[in-house]
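The block underneath contains the structure these notes are about, expressed in structure tokens.
The values are calculated or read from the model by the stated rules, or taken from the named source; none is laboratory data. Treat the numbers as computed from the prediction; the structure is a model and nothing was measured. Positions of Cβ are generated from backbone atoms using ideal geometry, with glycine treated the same way; all protein chains shown enter the neighbour counts.
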Amino acid sequence: MSAVEKAAASDDAIVTIAHVSKFFGPLKALNNVSLSIQPGTVQCIIGPSGSGKSTLLRCINQLEKIDEGAISVDGALIGYRRVGETLHELTDAEIAQQRLSTGMVFQRFNLFNHMTALQNIIEGPLTVLRRPRKEIVAEAMALLERVGLADKRDSYPSELSGGQQQRVAIARALAMRPKLMLFDEPTSALDPELVGEVLNVMRDLAATGMTMIVVTHELGFAREVASDVVFMDKGEIVEQGPPQTVLVAPSQPRTRDFIAAVLK
Amino acid sequence: MSAITSPVSSRDLAAIARMRIVPRRFYGRWIAAAAILGVLGWLVLAFAKGDIAWPVVAQFFTAPAILSGLSNTLIMTVCAMALGIVLGVVFAIMYMSPNPVLRGVALFYIWFFRGTPLLLQLLLWFNLALVFPTIGIPGLFSWRTIDVIGPFMATLLGLGMNQGAYTAEVVRGGILSVDAGQTEAAKAVGMTRLTTLRRIVLPQAMRVIIPPVGNEVISMVKLTSVASVIQYAEILRNAQTIYYANARVIELLIVAAGWYLIVVTVLQIGQYFLERHFSKGRGERRARRVAVQEDAA
């Protein structure tokens, strides 16, 4: 059964990616990729740099536009409105609306530099969801508590370590109450001793049943937390399966080479 | 080589570390300072002995015509700068738009207003009536151009549109200085393009935009004096009107210069506080905050 048939068979998937291709000029960043993700699972995506894994993640919340194929998130086709047999591009505001079901954590944190940790977290609920400040400040404080940074509420990003910034970034994404969290190499820009604190927060989040798609090089984390692992290379999914299979006893030589290279 | 280096053995170093240090003497600095003070003293003396009636300066410093000229100068500075900043932001955003028409119009605007002298632009606006005797929407209403574009309007349009062309480039530079990751993060929390610009990009671009715009406000105070040629009653024109009558040319120019310096000094102080406000979460402020926190700890 192909991935698409599987996706069609399991209509309860929260994300369905069907035959997606993406070009950057002559470069084919994604080549006919299909993948479906069930709610409450942790999908890890591994692969060498330039394999298209970050691009795939960015397509899911429309930071990149796909050239071929289709993606549905939370039961809705993204980027287009279907009218009969034609697809109409959505407006800027409609795309922003669709992004509300996903939260995203970036490799370089991308906290708003002119705002404190607390302001970063309440900015979305305040300006996008237009919820009352009092309510969201209380929620934001609870989130800061959860990522272990309640005492940093008034610190600016430049006053925080990389690990602390990334934890605030996770809290910022969670403040929007997304149904799905996207992590784009969340620990790749961190000093080695700071990786653990971010992975701990992610581990706790997975334990709450949050659906997560994680692009990562942390094979230990993937083995421990992932429900399913995808290995990508050259814009294609090479191998997919439970972590014990893909990470421990891969069937494809390319996967084997990659894992050997990372573990070396 | 041997003349300026002192050979040491490691045994001597402990004793050397305790020796008295004789600081360098900077004779050149003393000579330069003395020479400059001498020249300054000579200048002060020359002005004191020169033919300047200082009581006249004092008398006219707060004369009604001077004060009303000053207020016109300030009003024009504020209005022209406001127009310039609004146009600057609008044209900067047009310049960066994917729409080729908007981009083309912005390019043309910047090219035209930066490419022609300000004085010429003022004269063009002031003489607009020669091109369009009446302005308005045909069939609905129309005015005589002479009534609408007087000295104030012509100066405002001239200075404001000219300023907008320069400010557009400053704003564009500021927007480009904000990391693209900031925009992506804003999109990821569901902000529209306009909200992202207003809440995330522009506030951070301000750090880069404020210093040059502050300088331009200060230049604008002085640029308004160009409007004296099209009969706008700002401070320099009023000073001239007075000295045409009483022939106290230098005294009245000193009065005007004094007021310009006062206004510019106040603006510079304002600029300092504004720059501090928009450096939130950056550089020196951060260092100070961290130092305070460490002291407290």
Is it the case that some residue within region A:89-99 is under 28 Å from A:Glu218 (Cβ atoms) and either of a type outside the set (Val, Ile, Thr) or touching a Phe, Trp or Tyr at 6+ places or on another chain (Cβ under 8 Å) (or both)? yes
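Yes or no: region B:159-169 includes at least one residue that is in contact with a helix residue (DSSP H, G or I) (Cβ under 6 Å, 6 or more places away or on another chain) and surrounded by fewer than 18 Cβ atoms within 10 Å (Cβ to Cβ). Even if it seems obvious, please write down each step before you answer.
As a first pass, look at region B:159-169 and keep what is in contact with a helix residue (DSSP H, G or I) (Cβ under 6 Å, 6 or more places away or on another chain): B:159-165, B:167-168.
Filter once more, so that each one left must be surrounded by fewer than 18 Cβ atoms within 10 Å (Cβ to Cβ): none.
Scanning region B:159-169, I find no residue that is in contact with a helix residue (DSSP H, G or I) (Cβ under 6 Å, 6 or more places away or on another chain) and surrounded by fewer than 18 Cβ atoms within 10 Å (Cβ to Cβ), so the answer is no.
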One residue is enough: does region B:185-195 have a residue meeting the conditions over 16 Å from B:Val78 (Cα atoms), more than 10 Å from every other protein chain (Cβ to nearest Cβ) and not in a helix (DSSP H, G or I)? no
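Yes or no, residue by residue, for (1) of a type in the set (D, E, K, R); (2) at pLDDT below 95:
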site: A:Met1; (1), (2): no, yes
site: A:Glu5; (1), (2): yes, yes
site: A:Ala9; (1), (2): no, yes
site: A:Thr16; (1), (2): no, no
site: A:Val20; (1), (2): no, no
site: A:Leu27; (1), (2): no, yes
site: A:Ser34; (1), (2): no, no
site: A:Thr41; (1), (2): no, no
site: A:Cys44; (1), (2): no, no
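The rows are residues; the columns are (1) closer than 21 Å to A:Met210 by Cβ; (2) of a type in the set (D, E, K, R); (3) at the interface with chain B (Cβ under 8 Å from one of its Cβ atoms); (4) in contact (Cβ under 8 Å) with a residue 24 or more places away in the chain.
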site: A:Leu100; (1), (2), (3), (4): yes, no, yes, yes
site: A:Gly103; (1), (2), (3), (4): yes, no, yes, yes
site: A:Thr116; (1), (2), (3), (4): no, no, yes, yes
site: A:Asn120; (1), (2), (3), (4): yes, no, no, yes
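Under the condition of being among the polar types (S, T, N, Q) and more than 7 Å from chain A (Cβ to nearest Cβ), which residue from region B:172-184 is farthest from A:Arg130 (Cα to Cα)? Walk me through how you get there before you give the answer.
Going residue by residue through region B:172-184, those that are among the polar types (S, T, N, Q) are B:177, B:182-183.
Checking which are more than 7 Å from chain A (Cβ to nearest Cβ) leaves us with B:177, B:183.
Details: B:Ser177: 29, B:Thr183: 20 Å.
Here the answer is B:Ser177.
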Identify, by number, the condition in (1) modelled with pLDDT under 95; (2) of a type outside the set (Val, Ile, Thr); (3) at negative phi that A:Gly79 doesn't meet. (3)
Spot the failing condition for B:Leu122; the list is (1) of a type in the set (A, V, I, L, M); (2) surrounded by fewer than 18 Cβ atoms within 10 Å (Cβ to Cβ); (3) at pLDDT 85 or above, and only one is missed. (2)
If a residue counts only when it is within 16 Å of B:Met220 (Cβ to Cβ) and out of contact with any helix residue (DSSP H, G or I) (no Cβ under 6 Å at 6 or more places or on another chain), which helices (runs of 4 or more DSSP H) contained entirely in region B:43-138 have at least 2 such residues? B:64-95
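Among the listed residues B:Leu13, B:Leu40, B:Leu45, B:Leu83, which satisfies the condition of being more than 30 Å from B:Thr155 (Cβ to Cβ) and modelled with pLDDT of 95 or more? Quick ask: steps written out before the conclusion?
On the way: B:Leu13 fails: modelled with pLDDT of 95 or more; B:Leu45 fails: modelled with pLDDT of 95 or more; B:Leu83 fails: more than 30 Å from B:Thr155 (Cβ to Cβ).
Sole residue among the options that is more than 30 Å from B:Thr155 (Cβ to Cβ) and modelled with pLDDT of 95 or more: B:Leu40.
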Any residue that is part of a helix (DSSP H, G or I), under 22 Å from B:Arg198 (Cα atoms), at the interface with chain B (Cβ under 9 Å from one of its Cβ atoms) and within 17 Å of the chain's Cα centre (by Cα) - is there at least one of those in region A:135-158? no
Which listed residue is surrounded by fewer than 24 Cβ atoms within 10 Å (Cβ to Cβ), touching a residue at least 40 places away in the same chain (Cβ under 8 Å) and assigned to a strand (DSSP E or B), from A:Ser72, A:Ser54: A:Ser72
What are the pairs, 6+ residues apart or on separate chains, where a residue within region B:198-214 that is more than 10 Å from every other protein chain (Cβ to nearest Cβ) has its Cβ under 6 Å from a residue that is aromatic (Phe, Trp, Tyr)? B:Ile210/B:Phe278
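Criterion first (at pLDDT 95 or above, more than 16 Å from A:Ala18 (Cα to Cα), within 13 Å of the chain's Cα centre (by Cα) and of a type outside the set (Phe, Trp, Tyr)) does A:Ile60 satisfy it? Working first, answer last.
On the way: at pLDDT 95 or above: yes; more than 16 Å from A:Ala18 (Cα to Cα): no; within 13 Å of the chain's Cα centre (by Cα): yes; of a type outside the set (Phe, Trp, Tyr): yes.
Criteria not met by A:Ile60.
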